[in-house]
Amino acid sequence: MKNLTLEEIGKLAGVSRGTVSRVINNHPHVSEKARERVLEVIEQTGYLPNLAARSLASQKSKILGLVFPRSVQAFFSDPYFPRFTQGVAQACNEKDYTLSLFIFYSAEDEQKLFPRISQRGQLDGVIVQATTANDPIIASIREGEIPCVFAGRAPKYADANFVDVDNRSGAYIAVSHLVQLGRQRIATITGPLDQTAGMDRKEGYIQALRDRNRSIDENLISVGDFSQVSGYNAASNLLPHKPDAIFVASDVMAIGAMQAIYEAKLKVPDDIAIVGFDDLPPAKYASPPLTTIRQPIMRLGCKAVEMLLDIVDNGSYSPQRMVFDTQLVIRESCGSKQERITDDRSMVSHST
């Protein structure tokens, strides 16, 4: 059935358009009899504000949106995104909210679906996976009135609300560990350098070397896009420059890099030590098991929901930002024979 107008709802209910509007907006000056007739018609016709009819007292839809811009090309292949989504969904369930997922594949998708995100009353707020700094959907959402929290730092917007991990510190810890193991030619495979995670992890790599008076060799820096094939290709580009260790900015890329190393008749960790970033499930079962930086992905999703609901309920008078610490998980790919975590305390978060 087509979406009815307020006039059509009023005609079916035997009341004026203004009465329908007052009912939908929970205006007090409506008789109970008229209110009941309007709500009954809304329920019978499936008119869009039936969400409002179920929650008129709170004036909330009880729906949150999770938005993956078209620059997220690996939603179904990178295990990071399902785990983050799981954390968001878990928190929504606990708070009695419904989660609506928006995955954009093209500019046409954005033009078609964006009104469903931005229209007042459709969603109470949105969580946006921040990717490239110049993604137009991010600017569009910020220009709207809907409350918003970014998953990942949004570098162009100093007043943005976000949750993130300390990517720079995590990379610094990983590279420092490789230095302590005596590795001399430490390379890196970065993430995309138009994304904050890619930029910050590269900066952590550089700072760790500089703090130990190591020179920065651009031949030992190769750029990936967080996919396994990009890790393979980046490692293939690095191998002629004889690295004896590689810090890889994601576990998925690290597994691709290890494949390239094996095909070059080299061994991990004997010839080249590898450290990844994420501690996704495949890391533990790689061959050899992957040393990596653990980030609390599901907790990020849960915290994004908590932050967003606080903004929905109380407004946002200053930017809310939460950054989680990371942990180094040592496994065999860097030369260790026994798995251990360098800091067994729970990962903590801090506001910025």
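Answer yes or no: is there a residue in the range 260-272 that is in contact with a helix residue (DSSP H, G or I) (Cβ under 9 Å, 6 or more places away or on another chain), touching a residue at least 24 places away in the same chain (Cβ under 8 Å) and more than 20 Å from residue 291 (Cα to Cα). Among the residues of the range 260-272, at least one is in contact with a helix residue (DSSP H, G or I) (Cβ under 9 Å, 6 or more places away or on another chain), touching a residue at least 24 places away in the same chain (Cβ under 8 Å) and more than 20 Å from residue 291 (Cα to Cα), which makes the answer yes. Any residue in the range 156-169 that's farther than 14 Å from residue 128 by Cα and assigned to a loop (DSSP other than H, G, I, E, B): show its pairings with residues that are open to solvent by less than 20 Å² (accessible area, probe 1.4 Å) and among the aromatic types (Phe, Trp, Tyr) at Cβ separation under 9 Å, as long as the two are six or more apart or on different chains. Every condition considered, the pairs that remain are 166/324. Does residue 138 count as open to solvent by less than 40 Å² (accessible area, probe 1.4 Å), outside any helix (DSSP H, G or I) and within 30 Å of residue 293 (Cα to Cα)? Judged against the criteria, residue 138 is not a match. The residues in the range 99-109 that are closer than 24 Å to residue 60 by Cα and either modelled with pLDDT under 90 or exposed (fewer than 15 other Cβ atoms within 10 Å of the Cβ) (or both) can be counted, and the count is 3. Only one entry in 200, 211 is more than 22 Å from residue 294 (Cα to Cα) and at pLDDT 95 or above, namely 211. Residues in the range 117-133 that are at pLDDT 70 or above and either open to solvent by 30 Å² or more (accessible area, probe 1.4 Å) or polar (S, T, N, Q) (or both): 3 in all. Among the residues of the range 77-98, the ones that are under 14 Å from the mean Cα position of the chain (by Cα) and crowded, with 16+ Cβ neighbours inside 10 Å come to 10 in all.
Looking only at residues of the range 24-49 that are at pLDDT 80 or above and not in a helix (DSSP H, G or I), we find that the one that is farthest from residue 61 (Cα to Cα) is 31. Of everything in the range 162-206 that is in contact with a Pro (Cβ under 9 Å, 6 or more places away or on another chain) and small (Gly, Ala, Ser), the residue that is surrounded by the fewest Cβ atoms within 10 Å (Cβ to Cβ) is 198. Tallying residues that are modelled with pLDDT of 85 or more, more than 15 Å from residue 46 (Cα to Cα) and assigned to a helix (DSSP H, G or I) within the range 1-23 yields 2. Selection of the range 187-212 for residues being farther than 21 Å from residue 227 by Cα and either touching a residue at least 24 places away in the same chain (Cβ under 8 Å) or in a loop (DSSP other than H, G, I, E, B) (or both) yields 207, 208, 209, 211, 212. Candidates in the range 306-328 are the residues that are β-branched (Val, Ile, Thr) and more than 16 Å from residue 165 (Cα to Cα); of these, the one that is least open to solvent (accessible area, probe 1.4 Å) is 311. From the list 239, 280, 209, 266, the lone residue that is aliphatic (A, V, I, L, M), open to solvent by less than 10 Å² (accessible area, probe 1.4 Å) and more than 25 Å from the chain's Cα centre (by Cα) is 209. Of the residues 52, 57, the single one that is open to solvent by 90 Å² or more (accessible area, probe 1.4 Å) and modelled with pLDDT under 85 is 57. Number of residues in the range 184-197 that are at pLDDT below 95 and either among the β-branched types (Val, Ile, Thr) or over 25 Å from the mean Cα position of the chain (by Cα) (or both): the value is 1. Scan the range 286-293 and give yes if some residue there is open to solvent by less than 10 Å² (accessible area, probe 1.4 Å), among the aliphatic types (A, V, I, L, M), under 24 Å from residue 325 (Cα atoms) and not in a loop (DSSP other than H, G, I, E, B), otherwise no. Scanning the range 286-293 turns up at least one residue that is open to solvent by less than 10 Å² (accessible area, probe 1.4 Å), among the aliphatic types (A, V, I, L, M), under 24 Å from residue 325 (Cα atoms) and not in a loop (DSSP other than H, G, I, E, B).
Counting the residues of the range 141-155 that are open to solvent by 20 Å² or more (accessible area, probe 1.4 Å) and either of a type in the set (A, V, I, L, M) or part of a loop (DSSP other than H, G, I, E, B) (or both) gives 6. Selection of the range 242-257 for residues being without any contact (Cβ under 8 Å) to a residue 40 or more places away in the chain and either open to solvent by 10 Å² or more (accessible area, probe 1.4 Å) or assigned to a loop (DSSP other than H, G, I, E, B) (or both) yields only 255.
The values are calculated or read from the model by the stated rules, or taken from the named source; none is laboratory data. Quantities reported herein were computed from a predicted structural model and do not represent experimental measurements. Note that we place each Cβ from the backbone using ideal geometry, even for glycine, and neighbour counts take in every protein chain shown. To get the accessible areas, we keep the full protein, side chains included, count just its heavy atoms, and leave off ligands, DNA and RNA. Shrake-Rupley method; radii C 1.70, N 1.55, O 1.52, S 1.80 Å.
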